[in-house]
Amino acid sequence: MDRLRNPFTPGAGALPPELAGRSSIIEDGRILAGRALLGRYEKSQLLIGLRGVGKTVLLKYLAENARQAGVVPVVVEVRNSQSDFEELAIRVKDALCAIDFASKVKTSVNSAFATLGNFIKTFALNIGDFGIKVETSHGRASSGRMELDLSEVLLACARAAKDSNTAIGMYIDELQNLQIEAMRGIIVALHFAAQESLPLYLVGSGLPSIRALVGKSKTYAERMFNYAEIGALGKEDVDLAITVPLNNNGLDIEPDAITKVFESTKGYPYFLQEYGYQLWNVAEKSPISTDDVCRIAPDVQKRLDVNFFDVRFDRISSREKEFLRAMAEFQQNEAIAISDVADRMGRSLTTISPIRASLIKKGVVYSPVYGGIAYTVPMFADYLRRTMRCGCIHAV
Ligand SMILES: Nc1ncnc2c1ncn2[C@@H]1O[C@H](COP(=O)(O)OP(=O)(O)O)[C@@H](O)[C@H]1O
Ligand SMILES: [Mg+2]
């Protein structure tokens with residue numbers, strides 16, 4: 001079919017033509033935003049899942065819905081560097097400008113601008129020209145302690161939002177990369193906002209290690225969130241994700257062909273988009289058949305290896321690769337005992353601990369249970385076994 005009109009979207013953060021299987025989370029997001037606008041408390045929301053399951057897409061979708069409902073969203077992706085705070089400061093400034101534009105009560109908006117100005121100066125953030133003349137705000141958000149100062153900024157924004165009959169929704173992606181001090185700042189702000197009935201909430205998304213970060217940040221933090229596990233799609237949703245875009249563009253697909261796609265992808269959204277994309281490109285007639293799916297499978301595999309799996313090896317040392325390879329020798333994708341990995345590598349637990357810690361920091365593995373380890377990338381073990389078999393460089 002005409003490649004120009006291909007509706008499928010294999011790519012990080014690319015909104016799919018059919019956002020299948022997420023309706024209950026979207027509804028929860030609608031309620032969270034709507035209640036904030038009414039000044040009612042609701043637990044914040046955390047979207048947790050492996051790579052390529054659709055967290056970013058969902059987060060952006062929820063943020064857009066909230067914006068349309070009247071919330072002022074602050075959308076940020078965390079990369080674990082100083083620029084995170086610069087991006088946050090810029091987005092908060094944009095949010096305040098949006099509130100200022102609509103506001104009749106300027107005092108709390110001005111005070112929030114001033115608090116943000118102090119925060120930017122205190123942490124030497126380079127956000128270019130602040131562009132707004134602000135009064136000083138009696139030293140608020142200038143202690144130099146991220147936890148206190150960030151919470152001060154967020155609460156000042158929430159007060160401005162309340163006075164302007166709106167709400168601030170923070171939509172933070174890759175939350176596992178956030179420094180713990182900043183996480184504490186956000187948690188403290190949410191805590192006080194709940195006590196003062198201020199319209200401030202967080203929708204965070206990222207890898208399963210978010211749970212540990214939240215747990216470590218404050219004793220009460222875990223109870224402040226609703227956790228949504230974002231995972232592979234079931235058969236019916238896979239059907240929708242593939243069939244709806246095809247039908248909308250005048251093509252059909254046989255039920256057996258869908259079953260084949262489901263089996264090959266195990267329902268993982270990124271893999272589905274690659275299948276849909278290739279199927280569209282090679283399809284010569286409708287309906288698309290199982291033969292078509294079999295014909296494109298090797299090509300899809302190659303594209304997945306290059307576009308999805310290989311990139312995980314950026315910045316991975318040879319010892320870390322050895323660790324990942326040892327994990328792949330176990331016939332499973334779920335948690336593996338760290339002691340088994342040590343045995344397989346012929347090393348002690350103490351010597352492999354730093355390797356494990358560094359791989360967790362790089363977001364390649366996580367610890368789903370105490371003493372266990374698993375890949376953050378779906379079907380990564382299959383990929384490693386495949387590349388090990390063919391003697392590719394990744395296998396060390
Ligand atoms: N619910 C869904 N149905 C179909 N495709 C989806 C869905 N969610 C995401 N995708 C597709 O999956 C891929 C990965 O999405 P992304 O949001 O980047 O994942 P993550 O942030 O979890 O790594 C994209 O190509 C996107 O179009
Ligand atoms: Mg993402």
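Throughout, read-outs are computed from the coordinates displayed, never taken from laboratory work. Quick caveat: nothing in here was measured; it's all calculated off a predicted structure. Note: ideal-geometry Cβ built from the backbone for every residue, glycine included; neighbour counts use all protein chains shown.
Sum up the charges of everything whose Cβ sits under 14 Å from the Cβ of Asp84, counting Lys and Arg as +1 and Asp and Glu as -1, but leave Asp84 out.
On the way: positive: Arg79, Arg91; negative: Glu77, Glu86, Glu87, Asp173, Glu174, Glu181.
That sum, taken over residues with Cβ under 14 Å, equals -4.
Per-residue Cβ neighbour counts within 10 Å put Arg140, Arg223, Arg385, Arg325 in the sequence Arg223, Arg385, Arg325, Arg140, beginning with the fewest. Volume of the convex hull of the stretch 240-309 (Cα atoms only), normalised per residue: 77 Å³.
Exposure proxy ranking for Met1, Met388, based on other Cβ atoms within 10 angstrom of each Cβ and starting from the fewest, stands as Met388, Met1.
For Ala20, the shell of other residues with beta-carbons less than 10 Å away shows a net charge of -3, using +1 for Lys and Arg and -1 for Asp and Glu. Computed over the chain with a Gaussian network model linking Cα atoms closer than 10 Å, the most mobile of Asn248, Asn165, Asn126 is Asn248. For the chain, build the charge dipole from Cβ charges (+1 Lys, Arg; -1 Asp, Glu) around the Cα centre, then report which of Ala241, Thr290, Phe323 sits farthest towards its positive end. Of the candidates, Phe323 comes out farthest on the positive side.
State which stretch of the chain is the longest one without any exposed GluC sites (Glu not before Pro), exposure meaning a DSSP loop state and at most 10 other Cβ atoms within 10 Å.
With a cap of 10 other Cβ atoms within 10 Å, the longest stretch comes to 136-283.
Two numbers describe the Cα atoms of the stretch 36-106: Rg and Dmax, which are 14.3, 44 Å. Quick check on the chain: take the gyration tensor over C-alpha atoms, sort the square-rooted eigenvalues as a ≥ b ≥ c, and tell me if it's rounded (a/c under 1.5), prolate or oblate. Oblate.
When Lys216, Lys362 are sorted by how many other C-beta atoms sit within 10 angstrom of their C-beta, beginning with the fewest, the order is Lys216, Lys362. The Rg/Rh ratio of the stretch 192-339, with Rg taken over Cα atoms and Rh as the Kirkwood radius over Cα pairs, comes to 1.10. Of all DSSP beta bridges confined to the chain, the antiparallel ones make up roughly 15%. In deg cm²/dmol and to the nearest 500, what is the mean residue ellipticity at 222 nm of the chain if only DSSP H runs of at least 4 residues count, each as -39500 (n - 2.57), divided by the residue total? That calculation yields -16500 deg cm²/dmol at 222 nm. Each peptide in 239-245, 296-302 was scored by the mean count of other Cβ atoms within 10 Å over its residues; highest first, the order is 239-245, 296-302. With viscosity set to 0.692 mPa s and temperature to 37 °C, compute the Stokes-Einstein D of the stretch 23-229, Rh being the Kirkwood radius across alpha carbon pairs; µm²/s, no decimals. Translational diffusion coefficient: 196 µm²/s.
For the stretch 191-235, applying the loop criterion from DSSP together with a ceiling of 16 other beta carbons within 10 Å to the chymotrypsin sites (Phe, Trp or Tyr not before Pro) yields Tyr220. Partners of Lys362 within straight-line reach, counting lysines whose Cα lies under 28 Å from its Cα and excluding those fewer than 8 residues away in the same chain: Lys55, Lys60, Lys216, Lys218, Lys266, Lys302, Lys321.
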